[in-house]
Amino acid sequence: FIGQLLEFLLTIVGSARLRKVVLSNVKQLVYHTITLLQMTEQQVHTWSVDANQFVADEDDETHSCRVSGALLLEEVINSCGVEGINAIVDATRERFNESQQEQVAGSSVWWRLREATLYTLTSVSDQLLEAEDYGVTNFFLGKLIESLVAEDIRIGILSYSSFHSHIFSLHLLYAIPISHMVLEQFLYAAMKAVGMDVPPPVKVGACRALSKLLPEANKEVVQPQLIGLLSSLTDLLQQASDETLHLVLETLQAAIKSSAKVSGPIESIISPVILNVWASHISDPFIGIDEIEVLEAIKNAPGGIHPLVSRVLPHVGPILNKPREQPEGLVARSLDLVTMLLKNAPMDVVRVLYDVCFNAVTRIVLQNDDHSELQNATQCLAAFISGGRQEVLAWAADSRFAMRSLLDVASRLLDPNLDSSGSLFVGNYILQLILHLPLQMAQHTSDLITALVRRMQSSQIAGLRSSLIVLFAKMVHMSAPNVEKFIDLLVSIPAADHDNAFVYVMSEWTKQQGEIQGAYQIKVTTSALALLLSTSHPQLGKVYVQGHLIKSTEGITTRSKAKVTPEKWTMVALLFKIASLLADTLLEMHEQF
């Protein structure tokens, strides 16, 4: 019945014809709505024993009384504006005071009203923050939140833990300036809660608080508590289900990043547990990403990388050397792990990883057909070349054989008969070869461009074509100040169904430029087009590319008509097309700023 009542009220509040009636009664409406947001006996019982159910219910945006009540409060703000916001703040302050009075009077359920008040503020936190930014309210949000938190600290924030899941989850606490002393006391309470015997919702709320507060926390405050916090979080991790696993991993990552140094004992506490969880969730790529990020935080912390690599290598090496004997997904995830360890690693770490894994990763690209393994192995080899540079040849028993292997990898990934998905990251791999092994690659430039063009022409994935266009753009930059010679080189190379490679590459590039994703990629390709234009090369006026779509004059184009009538485009000189693309980019930049 309560759920239906709230939905009925939601309809009334959203009605423009009843807005005057709502405005005249908005304070009472909000005041009584907060009462309806209190936990039920069943929720108290269920959530007190099952953190996973608490997270699932709180994240569930479908039908429930609390969700309906939160939607009603949002609609109050949308319909009533400043009056609605002020009504919510006044009602929460009044309900908070009432909960204090109930506590003094000895009520055993005083905390329910307090929890409902905090839930109210959490539900409309975005709207309250926006109102605070515009200065349209009659209250100071920082003082309100600080008074709530200070009162809970005064009575002992964990003494009445049944309602503190939402004081820890209060988003406003992390978005507005409040006293450093109050924040530090709150942070200490959250760290303490993770290791205490408190109801699961409190631990969930504490994790949410820590993941927000730790990145900005004073390391001197955190460091004395770090060992205990990490130990408690790893214990919690082993009890977590899919609903809470992401949250605990996120909190672990924040805790590690907040530490001044990751010592051997700290690494030994966390890494074994994370690796066990990693191994047991191989089939879940999203959890795998979280786990890799925690391990990356250990790697990047001072003193963390060497013990972590020593722990990981004995397990990963055999997996990569015998890929066909492994469970599905394990090889691909192991390649992810090695790639993470290689990024920005010192040369001695790259060497250790090279000795154990490099040849195995090369064989995976040359011999395997699994798309995930091909993609991840390609990224791993690119990381080896980026980190080891010329040393990847010097470390090999036979440097010429090592170079030949790298070229064989490029040849396989650029094979037009290989499924496009397997070649998805070949662009970055080729780029690393050109950047870090320029002398060895110079003699293969013509063959490389021929292979790149064939791979582009055979690609069934727009993302692969875009990545190869970015590679050509990087090659334009690398050829400066002799961009004309690079154009001449492309003109000298044949391309199927086109006059030459330059004609094909530029026709594809100008078609795809608007589809290229990522600020860096857009910057690289746009500036490369400007470099091409600046050469005034004769080919820019001779080559014609796709212009704009010619609108049909035969009325409405139905689906059946579209199938039998191909689209018609104008053809324009490449010179004008590049100028048009650059002008469009400038207009977009102007609109953004």
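The values are calculated or read from the model by the stated rules, or taken from the named source; none is laboratory data. Everything numeric here is computed off the predicted structure, so don't read it as measured data. Because the Cβ atoms are built from the backbone with ideal geometry, glycine has one as well, and the counts that use them run over all protein chains shown.
Observations
- Residue match in the stretch 393-409 (condition: part of a loop (DSSP other than H, G, I, E, B), under 27 Å from residue 287 (Cα atoms) and among the hydrophobic types (A, V, I, L, M, F, W, C)): no
- Some residue of the stretch 311-329 being over 22 Å from residue 368 (Cα atoms) and either touching a residue at least 40 places away in the same chain (Cβ under 8 Å) or buried (at least 19 other Cβ atoms within 10 Å of the Cβ) (or both): yes
- Any chance residue 378 is crowded, with 22+ Cβ neighbours inside 10 Å, in contact (Cβ under 8 Å) with a residue 40 or more places away in the chain and at negative phi: yes
- The C-beta contact set for the stretch 443-455 (first residue farther than 10 Å from residue 501 by Cα, second residue of a type in the set (Asp, Glu), distance under 9 angstrom, 6+ apart or interchain) comprises 451/415; 455/415.
- Of the helices (runs of 4 or more DSSP H) lying entirely inside the stretch 421-467, the ones with 3 or more residues being more than 25 Å from residue 518 (Cα to Cα) are found at 438-442, 445-458.
- Some residue of the stretch 305-317 being more than 26 Å from the chain's Cα centre (by Cα), assigned to a helix (DSSP H, G or I) and under 17 Å from residue 381 (Cβ atoms): yes
- The condition (being more than 20 Å from residue 230 (Cβ to Cβ), modelled with pLDDT of 90 or more and assigned to a helix (DSSP H, G or I)) is satisfied by just one residue among 331, 294, 273: 331.
- Qualifying residue in the stretch 507-521 (condition: surrounded by fewer than 17 Cβ atoms within 10 Å (Cβ to Cβ) and of a type in the set (Ser, Thr, Tyr)): yes
- When the test is whether a residue is modelled with pLDDT of 85 or more, surrounded by fewer than 19 Cβ atoms within 10 Å (Cβ to Cβ) and assigned to a loop (DSSP other than H, G, I, E, B), residue 282 passes it.
- Residue in the stretch 295-303 that is in contact (Cβ under 8 Å) with a residue 12 or more places away in the chain, in contact with a Lys or Arg (Cβ under 8 Å, 6 or more places away or on another chain) and at positive phi present: yes
- Scanning the stretch 7-34 for residues that are modelled with pLDDT under 90 and either under 23 Å from residue 109 (Cα atoms) or touching a Lys or Arg at 6+ places or on another chain (Cβ under 9 Å) (or both) yields a single hit, 13.
- Extreme residue, farthest from residue 507 (Cα to Cα), among residues of the stretch 567-593 that are modelled with pLDDT of 85 or more and in a strand (DSSP E or B): 570
- Tally of residues being in contact with a helix residue (DSSP H, G or I) (Cβ under 7 Å, 6 or more places away or on another chain) and closer than 24 Å to residue 569 by Cα across the stretch 484-516: 16
- With respect to the conditions (1) in contact with a Ser or Thr (Cβ under 9 Å, 6 or more places away or on another chain); (2) free of Cβ contacts under 8 Å to residues at least 12 places away in the same chain; (3) surrounded by fewer than 16 Cβ atoms within 10 Å (Cβ to Cβ); (4) not acidic (Asp, Glu), residue 402 falls short on a single one, namely (3).
- Pick from the stretch 422-443, criterion of a type outside the set (A, V, I, L, M, F, W, C) and surrounded by fewer than 15 Cβ atoms within 10 Å (Cβ to Cβ), ranking: modelled with the lowest pLDDT: 443
- Candidates 512, 521, 517 - the one that is within 25 Å of residue 460 (Cβ to Cβ), under 38 Å from the mean Cα position of the chain (by Cα), at pLDDT 85 or above and in a loop (DSSP other than H, G, I, E, B): 517
- Leading residue by the ranking (nearest to the chain's Cα centre (by Cα)) among those in the stretch 40-95 that are over 21 Å from residue 200 (Cα atoms) and modelled with pLDDT under 75: 62
- Taking the stretch 537-557 as the range and being at pLDDT 65 or above and over 30 Å from residue 491 (Cβ atoms) as the test, the residues that pass are 551, 552.
- Pairs where the first residue, in the stretch 107-132, is assigned to a helix (DSSP H, G or I) and the second is of a type in the set (D, E, K, R), C-beta under 6 Å, 6+ apart: 110/102; 113/95; 117/95
- Candidates are the residues of the stretch 494-504 that are assigned to a loop (DSSP other than H, G, I, E, B) and either crowded, with 20+ Cβ neighbours inside 10 Å or acidic (Asp, Glu) (or both); the one that is farthest from the chain's Cα centre (by Cα) is 499.
- Residues being over 21 Å from residue 275 (Cα atoms) and part of a helix (DSSP H, G or I) - total across the stretch 334-353: 3
The rows are residues; the columns are (1) out of contact with any His (no Cβ under 9 Å at 6 or more places or on another chain); (2) at pLDDT 80 or above; (3) closer than 21 Å to residue 118 by Cβ; (4) surrounded by fewer than 21 Cβ atoms within 10 Å (Cβ to Cβ).
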{"position": "172", "(1), (2), (3), (4)": "yes, no, yes, no"}
{"position": "188", "(1), (2), (3), (4)": "yes, yes, yes, yes"}
{"position": "209", "(1), (2), (3), (4)": "yes, yes, yes, no"}
{"position": "213", "(1), (2), (3), (4)": "yes, yes, yes, no"}
{"position": "221", "(1), (2), (3), (4)": "yes, no, no, yes"}
{"position": "250", "(1), (2), (3), (4)": "yes, yes, no, yes"}
{"position": "253", "(1), (2), (3), (4)": "yes, yes, no, no"}
{"position": "259", "(1), (2), (3), (4)": "yes, no, no, no"}
